[in-house]
Amino acid sequence: MKDLEGRVAVVTGAASGIGKGMATRFAANGMKVVLADVEAPALDETAGALRASGAQVASVVCDVSKPAAVEALARASYDAFGAVHVLCNNAGVAAWGGLEKATHRDWQWVLGVNLWGVIHGIEAFVPRMIAGGQRGHIVNTASMAGLIASQGLGVYNTSKYAVVGLSETLAKDLKPHGIGVSVLCPMGVETRIRESERSRPAALRNDAAAEPAVELIGRYLAPDTVAGMVLDAVRRGELYVITHDEGLEPLRRRFDRMQQSILSRRKA
C-alpha cells in the first residue's frame, strides 16, 4: 500500500502511546482515521488535536476485550468513511510478576485485551475488508516479549507470543485477498504501559497490590519513531516490525538454542 492518501485507518488504543503515534502519522499522510480507546477523555483530546490539524477523524470509545464493542467499532468506521484499508489492533495492557503468582483475573484481563482484542478486530473487520475488494493492511501490536521470554512477564509474554503466531498465519491466509499483515514487536517505548492498572476493570482487579514493573533492556523510543517504522512497513508490505537493534542478539541466542537442539539430537 504505497499510496495512503484518502485511505482509511482504524487504530485501537489510539488515545496515547504507540496508537496515538500511528494515528498521527496516518493523518499526516492524508489518511482518514478512526480512533478507538477505552479512555474517553484522552480519546477526545487526541481526536480534537488531529481535527485541529485538518485531519478527517472519527472516534469511538471501545473496550476491545468485548466482541460487541469491536463489532460496533467496525460499523461506526464504515458508517463514517465507507471503507477501511488499514486496521491496527494495537490496544494492550501489561501485568507483572512470576507465573507462580499470576491470578486467573490476570489471565482474563491481559489475554482479553492483548489477544482477544486482536481476534475481535479480525472477526469484525477482515470479512468487511475482503468484501470491499481493495488492497489493505493489518498491523497487530505484539512485543519483543512475543519473541523472547522475560522472567516476570509470563502472562504478558503468553499474550504476545500468541499475537506473533496469529499474525504470521494471518499473513499467509490474507495474501490471496491482497491484504498484508505486519506484527509490531517493540522493546521499550515511551508509553503508559506501566500504568496499565488504571484501566483494569473492577471485576478483574486483584486483592493484593500489583507487582512492580520489570525493567527492560535497551533504549526507550518515542512513539512517533515507532509509528514511522509501522508506516514504512505498511507501504513495503513487511511482516515483522522489530524496532530495536538491541533485540538482535537475544533473537540470535534463542534461535541458536533451537538449532542446537536439532543438531545435538542428530549426533545422539
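Annotations
- Dmax and Rg, reported as Rg then Dmax, of the range 152-252 (C-alpha, Å): 16.1, 49
- Between Asp79 and Arg252, the FRET efficiency from the beta-carbon distance, with R0 = 45 Å, is close to 0.40.
- Rg/Rh for the range 194-246, where both radii come from Cα atoms and Rh is the Kirkwood radius: 1.14
- Taking all protein chains together and a 1.4 Å probe, the residues His120, His104 rank His104, His120 from largest to smallest accessible area.
- Dipole moment magnitude, nearest 20 debye, the range 1-144 about Cα centre, only Lys, Arg, Asp, Glu C-beta charged: 340
- Here is how the number arises for the chain: DSSP H runs of 4 or more residues each give -39500 (n - 2.57), the sum is divided by the residue count, and the result at 222 nm is -15000 deg cm²/dmol.
- Hull shadow area, averaged, the chain [alpha-carbon convex hull, nm²]: 15.1
- The Rg/Rh ratio of the range 83-219, with Rg taken over Cα atoms and Rh as the Kirkwood radius over Cα pairs, comes to 1.01.
- Derived scalar couplings ³J(HN,Hα) [the range 170-187; Karplus, 6.51 cos²θ - 1.76 cosθ + 1.60; whole Hz; x for Gly, Pro]: 4, 4, 6, 5, 9, 4, x, 9, x, 10, x, 9, 10, 10, 8, 10, x, 9
- Heavy-atom accessible area per residue - the range 215-268, 1.4 Å, Å²: 69
- For the range 1-60, convex hull volume per residue from C-alpha positions, Å³: 64
- Surface accessible to a 1.4 Å probe, Thr225 within the full protein complex, Å²: 60
- With every protein chain in place and a 1.4 angstrom probe, the accessible-area ranking of Thr158, Thr46, largest first, reads Thr158, Thr46.
- P(r) tail for the range 130-170: Cα pairs beyond 13 Å make up 55% of the total.
- Convex hull projection area averaged over all views, the range 1-154, Cα basis, nm²: 9.3
- Under a Gaussian network description of the chain, with springs only between Cα atoms under 10 Å, the residue in Ser199, Ser182, Ser143 that fluctuates furthest is Ser199.
- Between helix 104-114 and the chain: long-axis angle, C-alpha atoms, 0 to 90°, nearest 10: 50
- Rounded to the nearest 10 degrees, the angle from helix 248-267 to the longest Cα principal axis of the chain is 50 degrees.
- Solvent-accessible area of Met129, all protein chains in place: 10 Å² (probe radius 1.4 Å, heavy atoms, ligands and nucleic acids excluded).
The values are calculated or read from the model by the stated rules, or taken from the named source; none is laboratory data. For clarity, every value in this text was computed on a predicted model and none was experimentally measured. Heads up, the Cβs are rebuilt from the backbone with ideal geometry, glycines too, and the neighbour counts pull from every protein chain shown. Note: accessible area is taken over every heavy atom of the protein model, side chains too, but ligands, DNA and RNA are not part of it. Shrake-Rupley method; radii C 1.70, N 1.55, O 1.52, S 1.80 Å.
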